[in-house]
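Heads up, the thing below is written out as structure tokens.
None of the figures in this text is laboratory data; all of them are computed from the coordinates on show. What you see is a predicted model, and the numbers here were worked out from it, not measured in a lab. Here the Cβ positions follow ideal geometry from the backbone for every residue, glycine too, while neighbour counts run over all protein chains shown.
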Amino acid sequence: MAREINVALIGNPNTGKTSVFNQLTGLKQKVGNYPGITVEKKQGYCLLPRGLKANILDLPGTYSLNACSMDENVVIELLLNENDKDFPDVVIVVADVENLKRNLLLFTQIKDLGIPTILAINMADQMARKAISVDIKKLEEKLQTKIVLISSRKNTGFEQLKELITNYSLLSTTPCLNASDIDPEYFNRLRKAFPNQDLYKLWLVITQDVNFGKLNRQPLLFPSDFKTESTSNLKRLQQKETILRYLFINEILKKTILIDKVNAKDLQSKLDKILIHKYWGYIIFFSILMLIFQAIFDWSRYPMDFIDVQFAALGEWIKVTLPEGVFTNLLAEGVIPGLAGVIIFIPQIAFLFLFISILEETGYMSRVVFLMDKIMRRFGLSGKSVVPLVSGTACAIPAIMAARNIESWKERLITILVTPLTTCSARLPVYLIIISLVIPDHRILGVFSLQGLTLMLLYLLGFSAAIFSAYLLDKILLIKKTGFFVIEMPHYKLPLPKNILYNVIEKTKLFVLGAGKIILAISIVLWVMASFGPGKFNEATTIVREKTSSQNLSEEAIDAEIASFKLENSYIGIMGKTIEPIVRPLGFDWKIGIALLSSFAAREVFVGTLATIYSVGSKEEETIKNRMAAEINPVLGTPLFNFASGISLLLFYAFAMQCMSTLAIVKQETNSWKWPIWQFFSLTSIAYIASLIAYQLLK
Amino acid sequence: MQIVLVILIFCLAAGYLLKKFIWYPIIEMQQKKKGKTTTCGKNNCGCH
Amino acid sequence: MITIASLKVGQHALIKEISIDIIPLKLLEMGCLPGNEVFLLQTAPFKDPLFININGCTMAIRKEMAKLIEVELIP
């Protein structure tokens, strides 16, 4: 019969804490959210010796218990609340051997709360290379704890760690620092006012208000005669605490750690000289970006085609196998394509996050942030906005969530608001078909295809629009700039495949779950609206047969006419016709209007909707293209899809905020409906105006 | 029979969307008018 | 006043007094304490941000923050 204990993994960022979590829990982990805030909650479990089960919570990385962001707040909230069901029975502080001094600050704070704490020194495999040696026994003695050297890379030390966890009750809980040393007089008063409370815990509760935000607990009731300290005094005392702790740590480390500077090898600075060089740094970065995009385009084509074919086959199969009727049609023509619309983007998104994870794991990403920060700031963004903006080319949903590590609220908000302008994968099918229709298939200088160039221009347009909007927003939004920028520049290291895999799976899940449900729901609604209609709709067959009785049409052609007529008179057809006056100045007709409306489910639905509208049986691009090329503009009598209307359509898709799933995520990340609503209206207006101008100028 | 299923699925889908995009925002607007109930950091309360 | 922002690449210095009202606690916790050693590893164009090593830890901070930390050069 297994007993269960709670284990919390805490540590500085970049110590490989996540790797430790992955090693301990394997695939037995799940990611959720803390209620009400946008911080990830990672939980898993691990089976320990002697039938014990450990529930492991991977907490956000932090440098100390003095929180200055939501992430860090989660850590202290948990540690101060014994009644929380996740409150740990034992804490593992993951430290990395190179920054031990700084890691120990957090360690001593946690220990002082009286919670059994184990010190796990990670990256132990690097010790020989860095010529660092540690006297474990002595360190254990001085810190009054148990230490284990682990390497998540080489997978060593974990059995020992599990043993230590199992024997957690043997750990000493003596504090490292005597809290009163911070300020004897003040703490004396505290002790008198709150005789039954642990002093250090009390101190942390008081200082939390100063740091970040009010804790989720009852406000502290000071006895009426207690003279509370001013905020600046409290800050001064916090500083003193930090200094005292470091003094303590320095003393200990002097006697227990030896770094032989002479023998330490140093590839790091050589790499940095090139990678963040004033010219080479940028050239290398942009080359890497180009390579990544190229790879994603090329590689994802095969799985995407495969998925496309499979789902089309599945739809057919359903139509044939299930009894004929409306529901079967709903499944085959609404649900299956809806699902396909989500699944088909998984390859592209997974590949992009594969590359981004690799860049992050190696430590290169922080160099990119370093290179780009100054430039980004000119536009109201942060160096850390690079990852969201680049990720946006796959899907805005995980991209927007990646903005969480931006410290300044204003910079983060602006990043979130402009990221949807980058060309996401869903826009691609729309771009491709319009380009192939209206851009001539020529080559400039024999090398550059005009069509390829147009595509590239559209991508550039997306980025430029994002940057330019950020600039405007920076000037318009009256929010104070806060938060202080710091980015740790970890040493370069080889990425751990396991971490990358888990990361890619997580990010892809975000897209599938975040967008999937919404896209599916909208697909169903749209299908129903396109398959039912009032009045004339229900007499389609009769009306069409009458109309075409004089023409000698084949059964197929008649069926196609019927389908087209039905669509025109369905609910969505009526909606399309209603908005036709609005979109005609853009060069569109009601059919395109319908496609625009249906794109709100997912942009790529545009192509499928057009296939239905032009009553094409298969989804073959050639056939759709030919059909579209033959469409005549009812007003002008000239081809509908010409250069002017094509450009107009491209511009509309480039700017319009059609993705409902993205709106939902913006709401989640900004915790308010104000921003997504505002985003929707302004972007769609810009799209309209841009389309309008383009069409009117070019026609 | 089939039409019943269709109507059912349609209501589920439409209901989900309405709930997510119309109902929740309304509730939140009301909550905001009454005053914040969730704790957050200072900073314009974008809750980051 | 010599600050981190005035350092040249490769120069080592010791941190002098810190004004807690301006310098965030977090920076102190990362090792930016009076008496600790800091040296400038590299700078981005326009000397912003600065890639520094404080107390053995490598990190990057913006120039506006670096300007607030007073140091004294070590020959």
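Structure notes:
- For chain A, the longest principal axis of the Cα atoms and the long axis of helix A:184-193 meet at an angle of about 80 degrees.
- Dmax and Rg, reported as Rg then Dmax, of segment A:51-161 (C-alpha, Å): 14.5, 44
- Estimated [θ] at 222 nm from DSSP helical runs (n ≥ 4, -39500 (n - 2.57)) normalised by residues in chain A, nearest 500: -18500 deg cm²/dmol
- Gained length - A:Lys154 relative to A:Phe468, 0.36 nm times residue gap less alpha-carbon distance: 108.4 nm
- Computed label-point distance, nm, for sites A:Ile505 and A:Asn233 using a 7 Å Cα→Cβ extension: 5.4 nm
- Summing charges over neighbours of A:Val74, with a neighbour being any other residue whose Cβ is under 13 Å away from its Cβ, gives -4 when K and R count +1 and D and E count -1.
- Bridgeable lysines around A:Lys591 (alpha carbons under 25 Å apart, same-chain partners fewer than 8 residues away excluded): A:Lys536, A:Lys547, A:Lys566, A:Lys577, A:Lys619, A:Lys625, A:Lys699.
- With R₀ set to 41 Å, the beta-carbon distance separating B:Ala14 from A:Gln696 gives a calculated FRET efficiency near 0.65.
- Counted by neighbouring Cβ atoms within 10 Å, the residues A:Thr117, C:Thr3 run from fewest to most as C:Thr3, A:Thr117.
- Between helix A:427-438 and chain A: long-axis angle, C-alpha atoms, 0 to 90°, nearest 10: 30 degrees
- Cα shape, segment A:459-529, gyration tensor, a/c 1.5 rule: oblate
- Other residues with beta-carbon under 12 Å from the beta-carbon of A:Ile505 carry, at +1 per Lys or Arg and -1 per Asp or Glu, a net charge of +3.
- Paramagnetic reach from A:Ile243 (point 7 Å along Cα→Cβ, amide N under 16 Å) across segment A:188-202: none
- Diagonalising the gyration tensor over the Cα atoms of segment A:238-300 and scaling each eigenvalue by 5 before taking the square root yields semi-axes of 43, 18, 13 Å, largest first.
- Checking the cross-link pairs A:Lys111/A:Lys254; A:Lys30/A:Lys201; A:Lys509/B:Lys20; A:Lys17/A:Lys101; A:Lys278/A:Lys384 against a 23 Å limit on the alpha carbon distance flags A:Lys30/A:Lys201 as lying beyond it.
- Prolate/oblate/rounded call for segment A:266-396, Cα gyration tensor, a/c under 1.5 rounded: prolate
- As a size descriptor, the averaged projected area of the C-alpha convex hull of segment C:4-73 was calculated at 3.9 nm².
- Percentage of interatomic Cα-Cα distances in the protein assembly as shown larger than 34 Å: 57 percent
- For C:Gln42, the amide hydrogen comes within under 5 Å of the amide hydrogens of C:Phe51, counting only partners 5 or more places away or on other chains and with H modelled in the peptide plane.
- Here's the list of aspartates and glutamates a cross-link from A:Lys507 could span, going by alpha-carbon distance under 19 Å and ignoring same-chain residues fewer than 8 apart: A:Glu40, A:Asp58, A:Asp71, A:Glu360, A:Glu361, A:Glu669.
- The slack in the chain from A:Leu513 to A:Ile375, taken as 0.36 nm per residue of separation less the alpha-carbon distance, amounts to 46.3 nm.
- Among A:Thr609, A:Thr166, the ranking by other beta carbons within 10 Å of each residue's beta carbon, starting with the fewest, stands as A:Thr166, A:Thr609.
- Exceeding the 25 Å Cα-Cα cut-off - candidates A:Lys85/A:Lys235; A:Lys146/C:Lys26; A:Lys517/A:Lys667; A:Lys273/A:Lys480; A:Lys273/C:Lys8: A:Lys85/A:Lys235; A:Lys146/C:Lys26; A:Lys273/A:Lys480
- Sites listed here are chymotrypsin sites (Phe, Trp or Tyr not before Pro) in segment A:223-254 whose DSSP assignment is loop and whose Cβ has at most 15 other Cβ atoms within 10 Å: A:Phe226.
- Over all other residues within a Cβ to Cβ distance under 14 Å of A:Leu139, the charged ones net out to +4, with Lys and Arg as +1 and Asp and Glu as -1.
- 10 Å Cβ shell holding at most 11 others, DSSP loop, GluC sites (Glu not before Pro): longest site-free stretch of chain A: A:325-619
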